[in-house]
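The values are calculated or read from the model by the stated rules, or taken from the named source; none is laboratory data. Only a predicted model underlies this, so the values are computations on that prediction, with no experimental measurement involved. All Cβ positions, even for glycine, are placed from backbone atoms using ideal geometry, and neighbour counts span all protein chains on display. Note: areas computed on protein heavy atoms with side chains; ligands, DNA, RNA excluded. Shrake-Rupley method; radii C 1.70, N 1.55, O 1.52, S 1.80 Å.
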Amino acid sequence: MIGNSFILGVSGSGKSFAAKCEITSYMLSTDADIIIIDPEREYAPLVNAMGGEVIEISASSPNHINAMDMTKDYGEINPVIEKSQFLQSLCEQIIAGHKFTKGQQSIIDRCTESVYRYYQQGNYQGVPPTLQDFRDELLKQPEPEAHSLALELELFTKGSLNTFAKQTNVDTNNRLLCYDILELGEQLRPIGMLVILDSILNRITANRQKGKQTFVYIDEIYLLFMHEYSAQFLFKLWKRVRKYGAFCTGITQDVEDLLQSHIARTMLSNSEFVVMLNQAATNRDELSKLLNISDTQLSYITDVDAGHGLLKVGSSLVPFENDFPKDTELYRLMNTKLSEMGRQ
């Protein structure tokens, strides 16, 4: 499927399996890059078997993604201007959603330009700055508002949650990349989501220059809508990446929670493809209203077996059945049903 899409269904309906089928198909039939955000550690066996890179990220992990990584093709206008906007969102998230005090946004913009100056002069080659460098630059400013912001950043730069304030030390260039965020933790997750989405944007913009497609899979996507800034960043990514040759797929069982977000509803109603597997009653009601599904069509997502459902393609709704052969190594790698895993 080419286009932004959603895969929706209750636990055990075959959501992750459907995503893995797509991922395998793209790996075998195209040269596209594939990036996965995996909050439940479900994709590692398949990714490892296909030679991909699984990056486990947490406060105690030795793996690091530099929040300040930036390619020369980052964004649409000026890389530093767009990175300044990202850092404003990151800082506002760090200060627990409080509004900036007077002048803090201007200070962030000024410091962003300053810390990237040498990196820009080197044509975006060499070592990029880190959040630690950014905080040091804040401390050089004369305004007390800058020092207040630096204090807020201390935990995430010099403290115990500094995993995104160090140079990237993992291979983010593998064709198949999986961000394992199971152990990211509640306090670090909102910031981690932003940094990972920004890292994905870096990859997409670099691939655009190569004429290479990128497919992004976000499992349990509702987690991103729980935080204002990651939801807004995802929405921007969702809208703009199509013209970059990239396509996003959101996967979730929490349809009711997802549809409480206006941003999520907009994304869902405007997606080219929606894969609907078995749905809970409340979810069926919401989806029927949003996607104009008739009572007859709803029967295809009511008390059905795993892998059975309804596919929305544009304005058309088509029933489907994913009857994958179970006596294969590929099925074993993709399957996450505990009842079957014990017999393999």
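At a glance:
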read-out: Between 0 and 90°, nearest 10: helix 131-140 axis offset from the chain longest Cα axis; value: 30 degrees
read-out: The chain - percent of accessible surface contributed by carbon and sulfur, probe 1.4 Å; value: 48 percent
read-out: Spin-label model distance (nm) - ARG175 vs LEU139, 7 Å beyond Cα toward Cβ; value: 4.5 nm
read-out: Tilt relative to the chain, helix 15-29 - C-alpha long axis, 0 to 90 degrees, to 10; value: 80 degrees
read-out: C-alpha long axis of helix 189-210 to longest principal axis of the chain, angle in °; value: 80 degrees
read-out: Full-stretch length increase - GLU329, GLU256 - with 0.36 nm per residue and alpha-carbon distance subtracted; value: 22.8 nm
read-out: Residue pairs, from the table LYS15/LYS326; LYS20/LYS289; LYS239/LYS312; LYS20/LYS326; LYS83/LYS243; LYS289/LYS312, whose Cα atoms sit over 24 Å apart; value: LYS20/LYS289
read-out: Gain upon complete extension [ARG117, ALA281; 0.36 nm per residue less C-alpha separation]; value: 53.5 nm
read-out: Three principal axis lengths of segment 1-145 [C-alpha, angstrom, descending]; value: 56, 36, 33
read-out: Accessible area (Å², per residue) of the chain, counting only protein heavy atoms and a probe of 1.4 Å; value: 44 Å²
read-out: Semi-axis lengths (Å, descending) of the ellipsoid that matches the C-alpha gyration tensor of segment 4-88; value: 29, 18, 15
read-out: Stretch gain in nm, segment ILE95-ALA49, where the contour uses 0.36 nm per residue and the Cα spacing is subtracted; value: 12.5 nm
read-out: Sorted peptide list for 186-197, 165-176, criterion being average Cβ within 10 angstrom, highest first; value: 186-197, 165-176
read-out: Cα-projected label distance for GLU321 with SER294, points at 7 Å along beta-carbon direction, nm; value: 2.1 nm
